[in-house]
Amino acid sequence: PEDCAVFHCRGCWAVLGDSLQLCGQEPPGLGVLICFKVTSDVAWEDSLLVGLEGSLLGCAYYLLSCQSCGLAVGFILYSSGSDLAYLRGLFCFFKDSIICYFLQNQMIIEASKVNFPAVTLKE
């Protein structure tokens with residue numbers, strides 16, 4: 001498929017996931033890629049953080065980081081309001097922390113500049 005991409009850490013180019021694991025549309029203003037699975041290069045701690053501002057205000061989440069370089073690359077939502085409830089337990093990569101390598105045309109593009117085809121959790 002022409003839209004297949006591998007997601008890399010912006011800091012060290014470790015492979016964090018791929019577009020075959022995309023499972024939802026990003027909420028407006030959040031700037032994330034939502035995935036079912038990630039690679040073993042993604043780490044998270046047992047301690048919960050609480051959003052104090054922005055789109056994650058009042059949400060509890062686990063911060064995802066790159067196992068290789070320690071860069072914060074996303075979050076796993078633990079609790080939220082009803083508007084973000086569908087994200088709970090999924091891996092959400094910050095688009096600003098991810099680089100996409102597209103397999104078919106061998107191009108490297110910043111995730112914040114990519115629009116992947118619409119995917120819903122039902123699919």
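Within segment 77-101, the set of residues being touching a Lys or Arg at 6+ places or on another chain (Cβ under 8 Å) and either assigned to a helix (DSSP H, G or I) or closer than 14 Å to GLU45 by Cα (or both) comprises LEU77, TYR78, PHE91, ASP96, SER97. Here LEU87 does not qualify as surrounded by 16 or more Cβ atoms within 10 Å (Cβ to Cβ), in contact with a strand residue (DSSP E or B) (Cβ under 6 Å, 6 or more places away or on another chain) and within 22 Å of ARG10 (Cα to Cα). Scanning segment 109-123 for residues that are open to solvent by 80 Å² or more (accessible area, probe 1.4 Å), among the charged types (D, E, K, R) and at pLDDT 65 or above gives a single hit, LYS113.
The rows are residues; the columns are (1) loosely packed, with under 14 Cβ neighbours inside 10 Å; (2) modelled with pLDDT of 90 or more; (3) of a type in the set (Val, Ile, Thr).
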residue	(1), (2), (3)
ASP18	no, yes, no
TYR61	no, yes, no
LYS95	no, yes, no
ILE98	no, yes, yes
MET107	yes, yes, no
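When segment 31-56 is filtered for residues that are modelled with pLDDT under 90 and either among the acidic types (Asp, Glu) or over 24 Å from ASN115 (Cα atoms) (or both), the ones remaining, listed by number, are GLU45, ASP46, GLU53. Applying the condition of being in contact (Cβ under 8 Å) with a residue 24 or more places away in the chain and of a type in the set (Ser, Thr, Tyr) to segment 81-99 and asking which residue is farthest from PRO27 (Cα to Cα) yields SER97. Inclusion of PHE102 among residues that are of a type in the set (Phe, Trp, Tyr), closer than 14 Å to LEU30 by Cα and buried (at least 16 other Cβ atoms within 10 Å of the Cβ) is not warranted. Each residue in segment 74-84 was checked for being open to solvent by 70 Å² or more (accessible area, probe 1.4 Å) and over 15 Å from the mean Cα position of the chain (by Cα), and 2 of them qualify. Candidates in segment 20-58 are the residues that are among the hydrophobic types (A, V, I, L, M, F, W, C) and free of Cβ contacts under 8 Å to residues at least 12 places away in the same chain; of these, the one that is surrounded by the fewest Cβ atoms within 10 Å (Cβ to Cβ) is LEU52. Before we move on, is CYS12 outside any loop (DSSP other than H, G, I, E, B) and either open to solvent by 20 Å² or more (accessible area, probe 1.4 Å) or under 15 Å from LEU77 (Cβ atoms) (or both)? In short, no.
The values are calculated or read from the model by the stated rules, or taken from the named source; none is laboratory data. No experiment lies behind these values; they were computed from the predicted model shown. In this analysis, Cβ positions are derived from the backbone assuming ideal geometry, glycine residues included, and neighbour counts consider all displayed protein chains. Protein only, heavy atoms only, side chains kept; ligands, DNA and RNA dropped before computing areas. Shrake-Rupley method; radii C 1.70, N 1.55, O 1.52, S 1.80 Å.
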